[in-house]
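Student: Below are the structure tokens for one structure; questions will follow.
No lab work stands behind these numbers, since they all come straight from the coordinates. Everything quoted here is computed from the prediction, not taken from an experiment. No Cβ is skipped: glycine too gets one built from the backbone with ideal geometry, and neighbour counts run over all protein chains shown.
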Amino acid sequence: MLDVAVCARCLREEQPPDACVRHPGDRVHAAWVYDERVALIVHALKFGGQPGLATVHAGAIARALPASACHPDLVTSVPLHAARRRERGYDQAACLAEALADTIGTPYVPDVLRRVRATRAQSELGPGARRRNVLGAFEVARPRWVAGRRVLLVDDVLTTGATMAECLGALRASRARTTGAVLAWAQ
């Protein structure tokens with residue numbers, strides 16, 4: 001388990017992400033560092049048709065959260081494009097977010113963010129291409145509704161920080177107070 005928050009914005013900008021104090025709304029707490037064991041879990045959750053793994057591992061994410069992040073007003077997820085959701089039959093980040101919300105006793109609110117355009121799979125791209133791929137790809141569905149609320153945004157893996165930073169930025173542009181949480185950080 002990690003004992004520091006990772007800054008998604010610094011990570012996206014290829015700066016040291018683990019000692020940032022400049023971007024508090026871009027802090028992301030990871031249950032684990034991505035390794036071979038975690039890769040098996042993530043692969044089974046994401047591609048192996050095992051959404052129940054989200055419930056099994058939500059406690060690990062909850063334990064990675066500092067006390068200040070354990071009481072958000074709502075938990076939501078990085079949205080999967082509708083076409084990819086149809087292919088998989090579920091959204092793994094939404095499964096993790098819902099299970100985490102249950103674990104910490106906070107409402108899970110789906111569809112706070114929406115993808116406004118399809119993007120290529122981030123795993124196929126290098127760091128620069130990942131940033132360009134998700135630039136402007138997300139928007140807040142009801143900006144006035146999230147204004148002033150503490151939002152915990154959940155995804156499965158943090159790699160370059162591009163997706164998480166983009167989503168957290170969209171939420172903050174709607175005046176939400178943000179924190180991120182992921183199952184693993186691929187450092």
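Student: Of CYS95, CYS20, CYS167, which is the most mobile in a GNM of the chain whose springs link Cα atoms less than 10 angstrom apart?
Tutor: Of the options given, CYS20 has the highest mean-square fluctuation.
Student: Still on this structure, I have one more. How far apart, in nm, are two points set 7 Å out from the Cα along the Cα-to-Cβ line at ALA82 and at GLN187?
Tutor: Taking the simple label geometry, ALA82 and GLN187 are separated by 4.0 nm.
Student: Here are some values of percent of Cα pairs over 23 Å apart: (1) 51; (2) 34; (3) 39. Which one was computed from this structure?
Tutor: So the calculated entry is the one marked (2).
Student: For the chain, with only Lys/Arg (+1) and Asp/Glu (-1) charged at the beta-carbon, what is the dipole magnitude about the Cα centre, in debye rounded to 20?
Tutor: Around 720 debye, computed over the chain.
Student: What's the extension gain from PHE47 to ARG175 if we count 0.36 nm per residue and subtract their Cα-Cα distance?
Tutor: Values: separation 128, 0.36 × 128 = 46.08 nm, distance 3.41 nm.
Length gained between PHE47 and ARG175: 42.7 nm.
Student: Where is the GNM fluctuation largest for the chain (alpha-carbon springs, 10 angstrom cutoff): SER68, SER174, SER77?
Tutor: Largest GNM mean-square fluctuation: SER68.
Student: Please work out the FRET efficiency for the pair GLU139 and LEU40, using the Cβ-Cβ distance as r and a Förster radius of 25 Å; give the result to the nearest 0.05.
Tutor: Plugging the Cβ-Cβ distance into 1/(1 + (r/R0)^6) gives 0.15.
Student: 7 Å from Cα along Cα→Cβ at both ALA118 and SER68: what's the point-to-point distance in nm?
Tutor: Modelled inter-label distance: 4.1 nm.
Student: GNM on the chain, C-alpha springs below 10 Å: top fluctuator among LEU53, LEU65, LEU168?
Tutor: Of LEU53, LEU65, LEU168, the Gaussian network model singles out LEU53 as fluctuating most.
Student: So, one more: In a shell of Cβ-Cβ distance under 13 Å around ILE41, excluding ILE41 itself, what net charge do Lys and Arg (+1) and Asp and Glu (-1) give?
Tutor: Here the charged neighbours net out to -1.
Student: Let me ask something else about it. Can you list the DSSP H helices in the chain whose Cα atoms extend at least 27 Å along the helix axis and whose mean Kyte-Doolittle hydropathy is 0.0 or higher?
Tutor: Helices meeting the criterion: none.
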